[in-house]
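The values are calculated or read from the model by the stated rules, or taken from the named source; none is laboratory data. The structure displayed is predicted, hence computed values, not measured ones. Backbone-built Cβ (ideal geometry, glycine too); neighbour counts: all protein chains shown. For accessibility, only protein heavy atoms count, side chains too; no ligands or nucleic acids. Shrake-Rupley method; radii C 1.70, N 1.55, O 1.52, S 1.80 Å.
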Amino acid sequence: MKQVVQNYKSGELAVLDVPVPGCKPGGVLVRSAFSLISTGTELMKVSEAGMSMLGKARSRPDQVAKVMQSVATNGVPATYRKVMGKLDSYTPLGYSLCGVVEQVGAGIDDVKVGDLVACAGNEHALHAELNWVPKNLYAPVPDGLAPRHAAFGTVGSIAMQGVRQGEPQLGEVALVIGLGLIGQLVVQLLAASGVRVVGADPDPARCELAERLGAAAAGDPASAAVESAVAELTGGHGVDQVYLAAGGGSNQPVELAARLCRDRGRVVDIGKCRLDLPWNAYYEKELDVRFSRSYGPGRYDPEYELEGRDYPIGYVRWTERRNLACFLDLLARGSVDVEPLISHVAEFDDAVETYQRLKDGELKAVAVLFRYPRRAGEAQAPSKAPAVAVPAVDAKPTPVRAARTPVRLAFVGAGNYATSMLLPHLAQRDGVELSTVVTTTALSAANAQRKFGFAEATTDLDAVLGDKSIDAVFVVTRHSSHAELTRRALLAGKTVFVEKPLALTEDELAGVLAAVEESGNDRLQVGFNRRFSPLLREARQRFGPRTGPANLRYLVNAGRLQHGSWYLQQGTEGSRFAGEGGHFIDTASWLLDADPVSVYAVATSGNEDLQVVLRYPDGSTATISYVTTGPAGFPKETLDLVADGRALRLDDFVRASVYGQKRWVSSRLPKARDKGQSAELAAFVKAVRTGGPMPVPLESLVATTAATLAVQAGLAGGAPVTLARP
């Protein structure tokens, strides 16, 4: 299928061929009929992409701060790879469309194949021929409403949420500053609510349009016309609400709002304009400044948007989906008219030219639609887009063999970690062929194929597991899917590399082991890379063998997660320690050359900061302090091992030292943090190619996973947990 994309680094726009997205449970696959260009948000993104790197940095200081924090935590090389990987990738455009349901995922019963729906979301309602849309981000289109009009559903919801934040009452007067697409819709919604509206915009054509659509008056904010209209309509008191629907760097909108708003009036920011509030003006009138967050309650909540968990109507009357349905209803009843806003309808194949004309100013428009080609009989014969479902695998797969050269690898998942920490080490490695990349979103697969040279990109997992020419499968998806994907791949006879964690529950771990037993395939590696770090391996060699028990202390300054991180979705993705704690337990066990026999864990209030004590068969102990409240500038990982009158110290994979009869200290020159990914991958590829032993015994992988899971049990029970031998 085709999709409109942009490279943020180069500014290139393209209509790209990408895999068809899979129809996952909890949503529907929609074939686009019309999609709407946001002439504000999207053109701002297009313009930013054309800036120099300095210009991009100036426009996004929040991202610059994140980069600097990453440098402090992960070092310059790793940060550079991550940032360049993000910049030099195709990103999607679009977030408002109307289309026909082509396939229905499990758990969906409110629409059927052939139904017309309006869709929302900058990850799900893209300028693409097909989109997978979760339940709370689509709404059925009322009978009789034209698809080109229903495509305005998302921007209509944005305008509606802004109006709701203003709490307009019958007979009030409102000022709308900025009469672009959102502003014109705000004017109509207010007029439909019994509010008299004054519009302000420097473009005379937009002012004339606003008056045709219900504004009592509209004019240039720099002229006296707007102020005179407000004075006449309000008896000199000022408007009850001001809606800021303007963009740009001028502070004029907020100054005008203060001047024309009544005492204790409301100012609602819907757009993205400069907000240097003149303190005296806002204080003297005690103005109520409010922000409108996108489409309404539910926005940015993954449980609502992705998992389909609705908010009870008695507590949250207007959610994203209810706003979307409400706007469609207003359109269908004629209370809002979007036809006069449509300046141009472009064929989807002409998308790049259309964006360029908008950017250059050649095409002056309030709203532009893309029209998608219709397929004959599409409703009667929907395409069989591949669904991400449990594949049918042979219960008795072909026994694992030593692979021929080159080793053919497939990746399931191509997120940040895969593209910054794994694939760069594999793409240029001799004797390796990147065969297929599988993702649930079409564009991420296409990006990985373009950057790393995969022979194929797809959303069809079944095809990969059934391809006998593929020697090994990398599972680099979200934590909740690791165990099941690993189980399927083992049953399919593949050698498997799965990023940590292997499992989030004891049942998941048991399922993986049952697959090993059923298939006889134990060719498994978990991404515990720290034991492969060259610096740590050298320090361990310098330390030498032990004769007595050891004491190990491992401080992990994990830091706080950013708001919205999927690591915070503990209901589905497990606790943060369950997700990454295996790294540190594995490192401790490798240094102590044994698997733990018991786990004791205590936590601060909220279970964010943990103390985990591991006991080993020879009496050795390892204490892992996992803290999220430490300072950002402090090293992320420090480790001390003491035994037999000797001590080993590791400072954040930058320096190491060993103290004994002789002292050894690694180079004092700053080095990049090498946490072992390259060496780990080399060992894995060698095992696949030769059929030799896996880099880490399965018993050790299972023991580390069991110890990680025991931490949560220990926290709940308040007592040490004894570990059974795997």
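Of note:
This table checks each residue for (1) over 23 Å from K24 (Cα atoms); (2) without any contact (Cβ under 8 Å) to a residue 40 or more places away in the chain.
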residue	(1), (2)
T440	no, no
F454	yes, no
S481	no, yes
L490	no, yes
G493	yes, no
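- Members of the range 448-458 that are farther than 15 Å from V20 by Cβ and buried (at least 22 other Cβ atoms within 10 Å of the Cβ): A448, F454
- For the range 199-218, the set of residues classified as touching a helix residue (DSSP H, G or I) at 6+ places or on another chain (Cβ under 8 Å), of a type outside the set (A, V, I, L, M, F, W, C) and without any contact (Cβ under 8 Å) to a residue 60 or more places away in the chain consists of G199, D201, G214, listed by residue number.
- Residue within the range 184-199 that is farther than 15 Å from A245 by Cβ, crowded, with 24+ Cβ neighbours inside 10 Å, out of contact with any Asp or Glu (no Cβ under 7 Å at 6 or more places or on another chain) and of a type in the set (V, I, T) present: no
- When residues of the range 677-701 are limited to those that are within 15 Å of N521 (Cβ to Cβ) and assigned to a helix (DSSP H, G or I), the one most open to solvent (accessible area, probe 1.4 Å): L698
- Counting only helices (runs of 4 or more DSSP H) that fall entirely inside the range 531-623 and contain at least 2 residues that are buried (at least 20 other Cβ atoms within 10 Å of the Cβ), the qualifying elements are 534-543, 576-592.
- Contacts under 6 angstrom Cβ, first residue in the range 123-146 being farther than 19 Å from K112 by Cβ and open to solvent by 20 Å² or more (accessible area, probe 1.4 Å), partner modelled with pLDDT of 95 or more and of a type in the set (D, E, K, R), 6 or more apart: E129/K2
- Filtering the range 624-645 to residues that are more than 11 Å from N557 (Cα to Cα) and either acidic (D, E) or surrounded by fewer than 17 Cβ atoms within 10 Å (Cβ to Cβ) (or both) leaves D640, V642, D644, G645.
- Residues in the range 298-329 that are part of a loop (DSSP other than H, G, I, E, B), touching a residue at least 40 places away in the same chain (Cβ under 8 Å) and touching a Pro at 6+ places or on another chain (Cβ under 9 Å): L306, E307, G308, W318, T319.
- A159 vs. criteria of a type in the set (G, A, S), under 16 Å from L330 (Cβ atoms) and surrounded by 24 or more Cβ atoms within 10 Å (Cβ to Cβ): yes
- Within the range 463-492, tally of residues that are assigned to a loop (DSSP other than H, G, I, E, B), open to solvent by 10 Å² or more (accessible area, probe 1.4 Å) and in contact with a Leu (Cβ under 9 Å, 6 or more places away or on another chain): 4
- Inspection of the range 225-243 identifies no residue that is open to solvent by less than 20 Å² (accessible area, probe 1.4 Å) and either farther than 22 Å from L190 by Cβ or of a type in the set (D, E, K, R) (or both).
- Of all the residues in the range 330-371, those that are small (G, A, S) and in a loop (DSSP other than H, G, I, E, B) number 4.
- Taken over the range 627-650, residues that are more than 31 Å from the chain's Cα centre (by Cα) and at pLDDT below 95 amount to 0.
- Checking each residue in the range 218-269 for being among the aliphatic types (A, V, I, L, M), farther than 27 Å from S294 by Cβ and either part of a helix (DSSP H, G or I) or more than 43 Å from the chain's Cα centre (by Cα) (or both) picks out A224, A225, V226, A229, V230, A231, L233.
- Count of the range 561-610 residues, restricted to those that are within 29 Å of the chain's Cα centre (by Cα) and at positive phi, is 4.
- Residue match in the range 434-447 (condition: assigned to a loop (DSSP other than H, G, I, E, B), at pLDDT 95 or above and surrounded by fewer than 23 Cβ atoms within 10 Å (Cβ to Cβ)): no
- Odd one out for G520 among (1) open to solvent by 30 Å² or more (accessible area, probe 1.4 Å); (2) touching an Asp or Glu at 6+ places or on another chain (Cβ under 8 Å); (3) of a type in the set (G, A, S): (2)
- Taken over the range 5-17, the criterion of being closer than 25 Å to A150 by Cβ and within 19 Å of the chain's Cα centre (by Cα) is satisfied by V5 alone.
- For D674, the criteria (1) part of a helix (DSSP H, G or I); (2) under 33 Å from the mean Cα position of the chain (by Cα) hold in every case but one, which is (1).
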